[in-house]
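Below: the structure, in structure tokens.
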Amino acid sequence: MENKNYTSSEKQSPVAMFNTLCYLLLLLLLLHFSLSQGLTFPQDISALKAFKASIKPTSIPSWSCLASWDFAAADPCALPRRTHFTCGIICSIDSTRVTQITLDPAGYSGQLTPLLSQLTQLTILDLSDNSFFGSIPSSISSLRSLQTLILKSNSFSGSIPDSVTTLKSLESLDISHNSLSGPLPKTLNLLSGLRRLDLSYNQLTGFLPKLPYNLLELALKGNSLSGYISNSSFDGLTQLEVVELSENSFTGTLGAWFFLLPALQQADLANNSLTRVEISKPSGGNSDLVAIDLGFNHIEGNAPTDFVNYPQLSSLTLRYNRLRGAIPLEYSKKKSLRRLFLDGNFLIGRPPSEFFGGDTWVSGSLGNNCLVGCPGSSQLCSPSQKPYEVCKQAYGRKPMA
């Protein structure tokens, strides 16, 4: 008689297999039940409790997200959330860890508790458009998984804690429209994963440090930053597309290297104290630069001609500087140029006639200069030119026609 070796699965009867399937199904149901009840880590619950306790009760409207955070009635991660914890937090798939806090703009007022650092699986913290105040706790550096930190439009004060620069996973940082003061962290470049940085409209001072090399967008407008805009700050930023440094106190020369940043598309440096701009032709005639605003500085010399060598440039603003000489004829021949603001300088001579043809493509202003023959019927010639005596005094003689 031939002996056969059977595996355990081959020996199972249909009844046994049915029982096994029922057992597995029961396990799945029990798992689903346990997840729906919530198993939020105690340290996450205590952090959420401390976070809510730090907010003034009078600033929590009855209809708001925080009003639904009732720790006595429900586990924060329990599903479904029909009456409690209806909004403001998101938990991990297994309902054990809080991964996101995104508050509604309900006018919450309070300080940011250091115990928030216990939420070590937090990837998004968004408290924007509220009334939080006080300093940003240095313990925020414990949020090692944090990818997005948005604290914009609050009343945070004090300096930006240096510990923020240890958040290696951070991709987006927005603390704009607050009352932060002091210098930018010297180790800002350590945020190697950072793609978007917005610290606009604070009271920040000092120089630009070396910036994170993976940045796509940089916004620091509306502060009191000063000094030169140095190539060393932007070294290695090959992906930087948008730069907003307007409304600061930057001085000196803006070097040609700036406009040659390989991915640069838009740059706003208006309302500073720059005195000179250097421009050179882009390598191989290739550049993504679309818009540049250098208005309201102290830039002297002639209007830079080399801007026309940037093939996609459609908006150029040099208004209210100290430019002299004639308007470059090349400006009027550049078909990609749609917006041109040269008003508020000391430009002389006749503006190129191409600006006033029937097929004029450019809008903007050439007004408040020392031009002659600028047609009053053209929108480009508004406002009117400077008085003759002002122009004569600026040139120390009769301006050239």
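Averaged per residue, what accessible surface does segment 149-212 expose to a 1.4 Å probe, in Å²?
On the way: 2380 Å² over 64 residues.
For segment 149-212, the per-residue accessible area is 37 Å².
Whose amide H sits under 5 Å from the amide H of Gly325, counting only residues 5 or more places off or on another chain, with H placed in the peptide plane?
Here Ile348 satisfy the definition.
In terms of modelled amide H atoms, which long-range or inter-chain residues lie less than 5 Å from the amide H of Phe156?
Amide H neighbours of Phe156, under 5 Å, 5+ apart: Ser179.
For segment 265-274, what does the Karplus curve 6.51 cos²θ - 1.76 cosθ + 1.60, with θ = phi - 60°, yield as ³J(HN,Hα) per residue in whole Hz, taken in order and with x for Gly and Pro?
10, 9, 9, 10, 10, 5, 6, 10, 10, 5
So how do Val242, Val164 rank on accessible area, 1.4 Å probe, biggest first, that is with the largest at the start?
Working: Val242 25, Val164 5 Å².
If we order Val242, Val164 from most to least accessible, we get Val242, Val164.
Please give every one of the aspartates and glutamates within straight-line cross-link reach of Lys386, meaning a C-alpha to C-alpha distance under 16 Å, and leave out same-chain neighbours fewer than 8 residues apart.
Asp343
Using a Debye calculation, one point per C-alpha and no hydration shell, please list log10 I(q)/I(0) for the chain at q = 0.06, 0.12 Å⁻¹ in order.
-0.40, -0.96
Estimate the FRET efficiency between Thr275 and Ser139 by the formula 1/(1 + (r/R0)^6), using the beta-carbon distance for r and 35 Å for R0, to the nearest 0.05.
Computed FRET efficiency for Thr275 and Ser139: 0.20.
Work from the charge dipole of the chain (Cβ charges, +1 for Lys and Arg, -1 for Asp and Glu, about the Cα centre) and give the residue of Leu215, Pro262, Leu48 farthest towards its positive end.
Among Leu215, Pro262, Leu48, the one farthest towards the positive end of the dipole of the chain is Pro262.
Taking Cα pairs under 8 Å and at least six residues apart, what relative contact order does the chain come out at, in percent? Numbers along the way, then the final one.
Details: 973 pairs, mean separation 24.7, N = 401.
Across the chain, relative contact order equals 6 percent.
How large is ³J(HN,Hα) for each residue in segment 217-228, as worked out from phi by the Karplus curve 6.51 cos²θ - 1.76 cosθ + 1.60 (θ = phi - 60°), to whole Hz, x for Gly and Pro?
9, 10, 10, 10, 5, x, 10, 10, 5, 9, x, 7
Only helices at least 20 Å long along their axis, Cα-based, and averaging 1.0 or more on Kyte-Doolittle count here, so list those DSSP H runs from the chain.
Values: long enough: 14-37 (35 Å, 1.61).
Flagged H segments are 14-37.
Please give me the summed charge of the neighbours of Gln147: other residues whose Cβ is under 12 Å from its Cβ, Lys and Arg +1, Asp and Glu -1.
Here the count lands on +2.
What net charge do the residues around Phe341 carry, taking every other residue with its C-beta under 11 Å from that of Phe341, with Lys and Arg at +1 and Asp and Glu at -1? Could you put the intermediate results ahead of the total?
Values: positive: Arg319, Arg339; negative: Asp293, Asp343.
Residues close to Phe341 contribute a combined charge of 0.
So which lysines can Lys152 reach, going by Cα to Cα under 20 Å and dropping same-chain residues fewer than 8 places off?
Cα-Cα hits under 20 Å: Lys52, Lys56, Lys221.
For the chain, what is the mean residue ellipticity at 222 nm derived from helices alone (per DSSP H run of n ≥ 4: -39500 (n - 2.57); sum divided by total residues; nearest 500 deg cm²/dmol)? Each step should come with its number before you reach the end.
On the way: 6 runs with 57 residues, N = 401.
One gets -4000 deg cm²/dmol as the mean residue ellipticity at 222 nm.
Output ³J(HN,Hα) for segment 302-312: one whole-Hz value per residue in order, computed from phi by the Karplus curve 6.51 cos²θ - 1.76 cosθ + 1.60 with θ = phi - 60°, and x for Gly and Pro.
Those phi angles translate into 7, 4, x, 7, 5, 4, 5, 7, 8, x, 9 Hz.
With the convex hull built on the Cα atoms of segment 184-280, state its orientation-averaged projected area in nm². Display every interim value, and only then the final one.
Working: hull surface 21.2 nm².
It is 5.3 nm².
Around Gly182, which amide H atoms from residues at least 5 apart in sequence, or from another chain, sit under 5 Å from its own amide H, with H modelled in the peptide plane?
Under 5 Å from the amide H of Gly182: Thr205.
Round to a whole number: what % of the accessible area of the chain belongs to carbon and sulfur, probe 1.4 Å?
Values: 10370 of 19130 Å².
Of the solvent-accessible surface of the chain, carbon and sulfur hold 54 percent.
The values are calculated or read from the model by the stated rules, or taken from the named source; none is laboratory data. Please read all numbers here as calculations on a predicted model, not as lab measurements. Cβ atoms come from the backbone with ideal geometry, glycine included; neighbour counts cover every protein chain shown. Accessible surface is based on the protein model in full, side chains and every heavy atom, while ligands, DNA and RNA are left aside. Shrake-Rupley method; radii C 1.70, N 1.55, O 1.52, S 1.80 Å.
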